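J.: Just dropping this structure here.
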């Protein structure tokens with residue numbers, strides 16, 4: 001299992017490691033919640049209140065015999081900006097920003113007490129809280145269409161126009177290929193955009209329009225959170241079609 005670690009000290013530095021164990025990306029691995037409350041109602045009902053959550057990660061890189069590998073991991077740990085890139089369930093999560101779960105300490109285990117067997121385990125947690133899990137690269141429902149990791153150049157003042165089968169939406173990631181012919185008279189179409197992987201808010205501006213079987217809509221990135229390490233605001237764009 002390969003995972004790419006990236007840190008930024010004014011310049012991006014990336015290195016890919018072959019992990020012995022990479023845990024935390026799956027929706028049922030491990031995460032922390034906020035506020036994470038359990039309430040007993042007067043009616044006798046039980047209720048959970050979970051507004052946002054952060055995935056927690058455990059990476060076992062194993063014994064790193066090369067000093068340059070250990071030096072990179074050390075610099076990754078102390079960097080204020082650090083990111084993960086990992087492929088799972090047939091899609092790739094890019095530049096997931098993380099922090100140490102316990103910033104007050106970090107240590108490796110010397111297996112057998114040997115300095116040549118430094119066993120590296122990275123306990124990390126997602127920096128930016130999210131409200132939903134990333135969408136898998138495979139969508140079985142033919143009424144859902146996904147484009148992943150799309151650069152959002154639009155702002156609140158100047159939203160960006162997106163049109164299916166054109167430009168950044170020239171093809172669909174899942175299901176792969178061209179977008180279908182849309183008809184806003186016989187169907188209801190909604191657009192959602194998830195920029196939570198970088199903590200950047202992305203919203204639709206205005207209404208969806210249709211021309212020649214293609215739909216158009218405007219998206220804008222707000223000024224909250226942080227862009228991806230390459231400086232761009234990125235989001236997953238999901239189009240849902242419902243018969244009416």
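J.: Which one is surrounded by the most Cβ atoms within 10 Å (Cβ to Cβ), of the residues in the range 142-187 that are modelled with pLDDT of 95 or more and in a strand (DSSP E or B)?
T.: 162
J.: Among the residues of the range 110-128, write down those that are surrounded by fewer than 13 Cβ atoms within 10 Å (Cβ to Cβ) and within 9 Å of residue 63 (Cα to Cα).
T.: As a first pass, look at the range 110-128 and keep what is surrounded by fewer than 13 Cβ atoms within 10 Å (Cβ to Cβ): 111-116.
Answer for the range 110-128, where residues must be surrounded by fewer than 13 Cβ atoms within 10 Å (Cβ to Cβ) and within 9 Å of residue 63 (Cα to Cα): 111, 116.
J.: Can you find a residue that is in a strand (DSSP E or B), modelled with pLDDT under 90, in contact with a strand residue (DSSP E or B) (Cβ under 7 Å, 6 or more places away or on another chain) and within 30 Å of residue 69 (Cα to Cα) anywhere in the range 34-48?
T.: First, the residues of the range 34-48 that are in a strand (DSSP E or B): 34-40, 46-48.
Among the residues that remain, those that are also modelled with pLDDT under 90 are: 34-40, 46-48.
Now narrow it down to the ones that are in contact with a strand residue (DSSP E or B) (Cβ under 7 Å, 6 or more places away or on another chain): 34-40, 46-48.
Next cut, within 30 Å of residue 69 (Cα to Cα) only: none.
Taking every residue of the range 34-48 in turn, none turns out to be in a strand (DSSP E or B), modelled with pLDDT under 90, in contact with a strand residue (DSSP E or B) (Cβ under 7 Å, 6 or more places away or on another chain) and within 30 Å of residue 69 (Cα to Cα).
J.: Can you go through 26, 69 and tell me which one is part of a loop (DSSP other than H, G, I, E, B), closer than 27 Å to residue 8 by Cα, touching a residue at least 40 places away in the same chain (Cβ under 8 Å) and not assigned by TED's automatic domain parsing to the domain that holds residue 234? Let's see the steps before the verdict.
T.: Values: 69 fails: part of a loop (DSSP other than H, G, I, E, B).
Step by step, each of 26, 69 is checked, and only 26 is part of a loop (DSSP other than H, G, I, E, B), closer than 27 Å to residue 8 by Cα, touching a residue at least 40 places away in the same chain (Cβ under 8 Å) and not assigned by TED's automatic domain parsing to the domain that holds residue 234.
The values are calculated or read from the model by the stated rules, or taken from the named source; none is laboratory data. These numbers come from a predicted model, not from an experiment. All Cβ positions, glycine included, derive from the backbone under ideal geometry; neighbour counts span all protein chains shown.
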